[in-house]
Amino acid sequence: MPPKLKNLKLEIRKNIAYITLNRPKHLNVFDTETLNELEKTLISLENNAKVKVVCLLSDHDKVFTAGANIKEMNANNVIEAKHFAELGHRIAQKLETMPQPVIVGINGYALGGGVEFACACDIRIASERAVLSQPEIDIGIIPGWGGTQRLARIVGPGKAKELIYTGKRINAEEAFEIGLVNMVVPADKLNEAVKEMAETIASKGKIALFEAKKAINQVSQSPLDVGLRFEIESWSTLFETYDQKEGMGAFLEGRKPIFKDK
Ligand code: DAK
């Protein structure tokens, strides 16, 4: 059963789940309530056999998210701060390791925790109006939901240090140049671009898709020899599947494959 949602919207269409951040009056800021909803939603989706791709979007035309709720954090005692930190970490971890590929569509500001969650997604698509920043240094902290680690793995330690030490904002074009986003599209085409990418991915066989995600995730978790061994194991298990036989058979017969996710 999908959870009851107040600060997010969830729609599932054609094997694709669309999660939309929906607190426009509060700049889609992540407070504990929203984080709890997001965690429950991701758990319900990872266990939903019909969902092949997950998309994360915003309903606000100027903001993906202004990040974690500074007012709430400022009032935290040590125990609450730890709970808040762990909750955010669990969500980033879930985005990164849930079986389905996750695509994030970034429109407007993506600040702090918003960039951290985006970095945990598989594919980042930005609108021309996107502005990304890790501004935590300006409020006396550092990124705390994996930002020092994932951002550095995506753009390299040098660029991550520049962004995190200065807290500077970069626009979509700069984010594309440093490899932080996969592509940049006009603002009014963002949701369509995310949907198109999601539909392309969802048209593939689910088992191979999920194995590809697991194998590529090894890059940040294992040395090369372990990752290569993982790929051999993963690759060969696919030869037990209907989709491998269908895919190769269809190629040899000169037709389009009809995958059955089994
Ligand atoms: N939290 C709480 N309130 C926020 C907020 C935020 N992140 N961002 C904006 N607001 C509030 C503003 O205070 C203002 O409130 P009122 O004055 O109306 O009561 C209202 O939203 C509208 O903001 P502005 O007046 O500033 O609106 P503008 O359109 O002029 O500017 C802006 C929009 C998003 C560019 C600007 O508000 C801004 O720069 N906001 C600051 C964003 C920021 O620094 N975000 C990073 C947050 S730090 C952790 C791990 C990770 C994290 C935290 C903890 N642990 C391990 C525990 C992550 C940290 C972050 O994300």
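Average accessible surface for the stretch 98-191: 40 Å² per residue, computed with a 1.4 Å probe over protein heavy atoms with every protein chain in place.
Keeping the other protein chains in place, figure out the carbon and sulfur percent of the accessible area of the stretch 191-246, with a 1.4 Å probe. Roughly 63 percent of what the probe reaches on the stretch 191-246 is carbon or sulfur. Kirkwood hydrodynamic radius computed over the stretch 94-195 comes to 13.4 Å, based on all pairs of distinct alpha carbons.
With the radius of gyration and the Kirkwood radius both derived from the Cα set of the chain, what is their ratio Rg to Rh?
Result for the chain is an Rg/Rh of 0.98.
Annotation for the stretch 182-198 versus the stretch 221-235: alpha-carbon center distance of 32 Å. Evaluated over the Cα positions of the stretch 1-148, the convex hull gives a direction-averaged projected area, one quarter of its surface, of 8.5 nm². Between the stretch 99-134 and the stretch 50-85, how many Å separate their Cα centres? Using only Cα atoms, the two centres lie 12 Å from each other.
Once the convex hull of all Cα atoms in the stretch 98-157 is built, its volume per residue stands at 82 Å³.
The values are calculated or read from the model by the stated rules, or taken from the named source; none is laboratory data. Just so it is clear, the model here is predicted, and its values are computed rather than measured. The protein model used for the area step is the full one, side chains on, heavy atoms only, and it has no ligands, DNA or RNA in it. Shrake-Rupley method; radii C 1.70, N 1.55, O 1.52, S 1.80 Å.
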